[in-house]
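Visitor: One structure, as structure tokens, below. Some questions next.
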Amino acid sequence: MCLLLGATGVGKTLLVKRLQTILPRRVGTNLTDIVAHRRITIRELGGCMGPIWSSYYGNCHSLLFMVDASNPTQLSASCVQLLGLLSAEQLAEASVLILFNKIDLPCYMTIEEIKSLIRLPDLIACAKQNITTVEISAWKGTGLSEVLRWLEDTHRTNG
């Protein structure tokens, strides 16, 4: 299973809907199966559910963590959430894809600015997980092919 996590309003639901328009799927309330080369179940958990995210770590093979690249005031909270995820023992084997969303907005921060502000190179160096980053626009569909490729590759190797 793949968890899709991030703060409230970063675009998680829109990303799932965009992926559903590209690939065959089965949809639940916050559970979506997409079928690429194999079935991948994505469980989206809202930002307000942060306190109970850990209840869902058990069967997690991969993690999509979304950050709003147009909201600098939310960045520190997202960084704290990400640190919590990376330090969770149950997620030590999970592959992580950090999605910098909303790059279609004129006020978005560049990936270099975000990486610097959250000290991403340091996070990656200390993390047990394999971490990849991608800039996307869930609204316009930019970067979705990279997300799908990552999901396919990750679930091909991790099951």
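Visitor: THR110 fails exactly one of the following numbered conditions: (1) over 21 Å from THR41 (Cβ atoms); (2) touching a helix residue (DSSP H, G or I) at 6+ places or on another chain (Cβ under 7 Å). What is the number of that condition?
Guide: (2)
Visitor: Anything in the range 86-102 that is touching a residue at least 12 places away in the same chain (Cβ under 8 Å) and either hydroxyl-bearing (Ser, Thr, Tyr) or part of a helix (DSSP H, G or I) (or both)? List them, or say none.
Guide: Passing the criteria: LEU86, GLN90, LEU91, SER95.
Visitor: So, in the range 3-35, exactly how many residues are hydrophobic (A, V, I, L, M, F, W, C) and modelled with pLDDT under 90?
Guide: Qualifying residue count for the region: 8.
Visitor: Take ILE42 and tell me if it is modelled with pLDDT under 90, touching a Pro at 6+ places or on another chain (Cβ under 8 Å) and open to solvent by less than 60 Å² (accessible area, probe 1.4 Å).
Guide: The answer is no for ILE42.
Visitor: Still on this structure: When PRO51 is evaluated against the numbered criteria (1) of a type outside the set (Phe, Trp, Tyr); (2) modelled with pLDDT of 80 or more; (3) surrounded by 15 or more Cβ atoms within 10 Å (Cβ to Cβ), which criterion, by number, is the only one it fails?
Guide: (3)
The values are calculated or read from the model by the stated rules, or taken from the named source; none is laboratory data. Just so it is clear, the structure is predicted and the values come from calculations on it, not from any experiment. Every residue, glycine among them, receives a Cβ derived from its backbone with ideal geometry; neighbour counts consider all protein chains shown. Note: areas computed on protein heavy atoms with side chains; ligands, DNA, RNA excluded. Shrake-Rupley method; radii C 1.70, N 1.55, O 1.52, S 1.80 Å.
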